[in-house]
1. Any residue in the stretch 282-293 that's in the same structural domain as residue 216 (by the TED database): show its pairings with residues that are outside any loop (DSSP other than H, G, I, E, B) and loosely packed, with under 15 Cβ neighbours inside 10 Å at Cβ separation under 7 Å, as long as the two are six or more apart or on different chains.
2. Does residue 247 satisfy the criteria of being surrounded by fewer than 17 Cβ atoms within 10 Å (Cβ to Cβ), at pLDDT 80 or above and either within 16 Å of residue 285 (Cβ to Cβ) or in contact with a helix residue (DSSP H, G or I) (Cβ under 7 Å, 6 or more places away or on another chain) (or both)?
3. Please tell me if residue 72 is assigned to a helix (DSSP H, G or I) and either under 29 Å from residue 163 (Cα atoms) or touching a residue at least 24 places away in the same chain (Cβ under 8 Å) (or both).
4. Among the candidates 110, 119, which residue alone is touching a strand residue (DSSP E or B) at 6+ places or on another chain (Cβ under 8 Å) and exposed (fewer than 15 other Cβ atoms within 10 Å of the Cβ)?
5. Testing residue 149 on (1) out of contact with any strand residue (DSSP E or B) (no Cβ under 6 Å at 6 or more places or on another chain); (2) buried (at least 21 other Cβ atoms within 10 Å of the Cβ), one condition comes back false. Which one is that?
6. Quick check on my filter: what residues within the stretch 41-69 are under 16 Å from residue 115 (Cβ atoms), surrounded by fewer than 17 Cβ atoms within 10 Å (Cβ to Cβ) and touching a residue at least 40 places away in the same chain (Cβ under 8 Å)?
């Protein structure tokens, strides 16, 4: 179940309002799920003064993410605070603009909502949906690997979200566990659209994304389209079941070589139906990869995926 406007995570104790220009001293905030009739104010432009700022949720290269509550509606969100100097220094302003433009227009239960953004002299603020169970990557590190039921459930949710993205001519291009969050009931949320692109022409040549997840056509510098996300979905499925990506190697060169040869080896615990789906996604020729519609209908997915609790 996605946390939609109308459902809110409400703190038991109050937030303290914090000036983000000073060193942040986090307070303890306890959250519980509660019904709330409030929704995001329609048409209202937000500023930092509209929020009570809570504890930090994470740190990144260009800034931090904080838990926050909109004062008038008590609506709980996450605010990503990015420093303009860092963005400019690293030449990624265009990437941020792309992320904002794309993510703010996407509406899907397994895609993290970007409600709004605003900025001041030194910072850019992204107002995001809050995913209370945090980073999927940390969960994977904790348990080493997921069982087939959990993996199939995540694959169903990912395929559904990517099918929606592709229908909007959006290619994600950087699917990996680090870019996925978990909602209140453990449902998956695609969170990072920094490398994604709105591609009406559908053909790109930029080398981007994470090395272990790069498809052969990007490694080889060829034109690519939305089928890069199918490859990444196959890599993701493998990593969920095995605990590491399929083409991991001692050096970058060896990883590239394994990707281009599709040097795919399965440990014995991975079932034959799961191997079948992964192998259908990890095809060197993009046109041979199984479609997202067929992923949703794959026997292994249908047998193992379970609906999230309400």
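The values are calculated or read from the model by the stated rules, or taken from the named source; none is laboratory data. No experiment lies behind these values; they were computed from the predicted model shown. As a convention, Cβ positions derive from the backbone with ideal geometry for all residues, glycine included, and neighbour counts pool all protein chains shown.
1. That search, which allows pairs on different chains as well, returns nothing.
2. Working: surrounded by fewer than 17 Cβ atoms within 10 Å (Cβ to Cβ): no; at pLDDT 80 or above: yes; either within 16 Å of residue 285 (Cβ to Cβ) or in contact with a helix residue (DSSP H, G or I) (Cβ under 7 Å, 6 or more places away or on another chain) (or both): yes.
So residue 247 does not fit the description; no.
3. Working: assigned to a helix (DSSP H, G or I): no; either under 29 Å from residue 163 (Cα atoms) or touching a residue at least 24 places away in the same chain (Cβ under 8 Å) (or both): yes.
No: the conditions fail for residue 72.
4. Numbers: 110 fails: exposed (fewer than 15 other Cβ atoms within 10 Å of the Cβ).
Going through 110, 119 in turn, just one is touching a strand residue (DSSP E or B) at 6+ places or on another chain (Cβ under 8 Å) and exposed (fewer than 15 other Cβ atoms within 10 Å of the Cβ): 119.
5. (2)
6. Within the stretch 41-69, 45, 47 meet the criteria.
Let's see how each residue does on (1) assigned to a strand (DSSP E or B); (2) out of contact with any helix residue (DSSP H, G or I) (no Cβ under 7 Å at 6 or more places or on another chain); (3) at pLDDT 95 or above:
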| residue | (1), (2), (3) |
| --- | --- |
| 121 | no, yes, no |
| 124 | yes, no, no |
| 128 | yes, yes, no |
| 137 | no, no, no |
| 142 | no, yes, yes |
| 145 | no, no, yes |
| 151 | no, no, yes |
| 156 | no, no, yes |
| 163 | no, no, yes |
